[in-house]
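This report refers to the structure that appears directly beneath it.
The values are calculated or read from the model by the stated rules, or taken from the named source; none is laboratory data. Keep in mind the model is a prediction, meaning the values are calculated, not measured. No Cβ is skipped: glycine too gets one built from the backbone with ideal geometry, and neighbour counts run over all protein chains shown.
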Amino acid sequence: MSGAGPGPRPGSSTAASDLGAVRLATLIGFTAVLMWATLALLTTFTAGVPPFQLVGMAFLIAFVIGLVWPALQGRPVFGALRQPPVVWLIGVGGLFGFHFFVFTALKLAPPVEASLINYTWPLLIVLFSGLLPGERLRWWHVAGAGMGLGGAALLISNGGSFDLRAEHAAGYAAACASALIWSSYSVVNRRLGNVPTDAVGGFCGATAVLAIACHLAWEETVWPDAVGWLAVLGLGLGPVGLAFFTWDHGVKKGDIQVLGASGYAAPLLSTLLLVAFGQGVLSWPVAVACVAIVGGACLASRDLFRRRPASA
């Protein structure tokens, strides 16, 4: 009789514990998507504040979170910041590079087309994840992410109206760069499991400095009103702050393919929030997008509930 391998057998308590840990990490990562859904609504309350100034202020708050959280847990405040240069390059390049190219795309191309191209990042995460050790790309991962992309296209275009023009090529290229940067950052981060999530605080601090430098170079300072300051605080605590910490945990320890596909929930939930607060209108594209995005996320999540996850 041949002996069992070194890994836990399916159905064993160890396998069940591993699956539970993956599900929990995936759920924690999904909270980032929920927080990103509030980005558009909170930004409406900061009208007049230039983009890079807003990003700089929000990331400064995120940096403070990165200092306070380990202190409350009894860990060295700056201990996690001692990382090799390549880790800093990946972390800061992912956070700052994504935002830099998103704003560049929105300046050089119409928002509808730029946003749609940028929102290929969830699909790219699913596709790129197939290159990771221990991960297998199946048809339902691609189909689920594809359904999400279709739903996002309906939401962003309000029914499917696009007008790609050659004069906006630089903006389209910037949008492609933003999608590639965020998807690559998320997938490469999977390989940096030994880098603690606390290090994200340092990346946020560096991103804040770079964003403020861009602001001083290209924008005029506009200070928000009282409501605007509350919105800035909300951004720093949520979609431009804590979200990056929970996303880091999720892509390192959760199901990255499920998280990639679930990214399309952000534009859907964002639209529903805008409608709920009187900043948008409920329409047939929203309803169809809801079915496509939710259905796609469920399809892409098939592995998480049907088999033991492969070791990462």
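Here are the numbers for this structure:
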| item | result |
| --- | --- |
| Sole residue being under 20 Å from Gly144 (Cβ atoms), modelled with pLDDT under 95 and of a type outside the set (Asp, Glu), chosen from Leu273, Leu268 | Leu268 |
| In the stretch 128-152, the residues that are free of Cβ contacts under 8 Å to residues at least 40 places away in the same chain and in contact with a helix residue (DSSP H, G or I) (Cβ under 9 Å, 6 or more places away or on another chain) | Gly130, Val142 |
| Filter pass, Val68 being over 30 Å from Glu219 (Cα atoms), modelled with pLDDT under 95, outside any loop (DSSP other than H, G, I, E, B) and among the β-branched types (Val, Ile, Thr) | yes |
| Test: residue in the stretch 68-83 that is among the charged types (D, E, K, R), closer than 29 Å to Ala175 by Cβ and in contact (Cβ under 8 Å) with a residue 60 or more places away in the chain | no |
| Contacts under 6 angstrom Cβ, first residue in the stretch 278-297 being closer than 15 Å to Ala153 by Cβ and without any contact (Cβ under 8 Å) to a residue 60 or more places away in the chain, partner part of a helix (DSSP H, G or I) and among the acidic types (Asp, Glu), 6 or more apart | none |
| Filter result (touching a Pro at 6+ places or on another chain (Cβ under 7 Å) and surrounded by 22 or more Cβ atoms within 10 Å (Cβ to Cβ)) within the stretch 96-155 | Tyr119, Ala145, Gly148, Ala152, Leu154, Leu155 |
| Ala114 modelled with pLDDT under 95, within 18 Å of the chain's Cα centre (by Cα), under 30 Å from Glu167 (Cβ atoms) and not hydroxyl-bearing (Ser, Thr, Tyr) | yes |
| Evaluation of Leu89 against (1) surrounded by fewer than 18 Cβ atoms within 10 Å (Cβ to Cβ); (2) modelled with pLDDT under 90 (one fails), failing number | (2) |
| Members of the stretch 211-235 found to be more than 21 Å from Ala32 (Cβ to Cβ), part of a helix (DSSP H, G or I) and not aromatic (Phe, Trp, Tyr), listed by number | Ile212, Ala213, Cys214, His215, Leu216, Ala217, Ala226, Val227, Gly228, Leu230 |
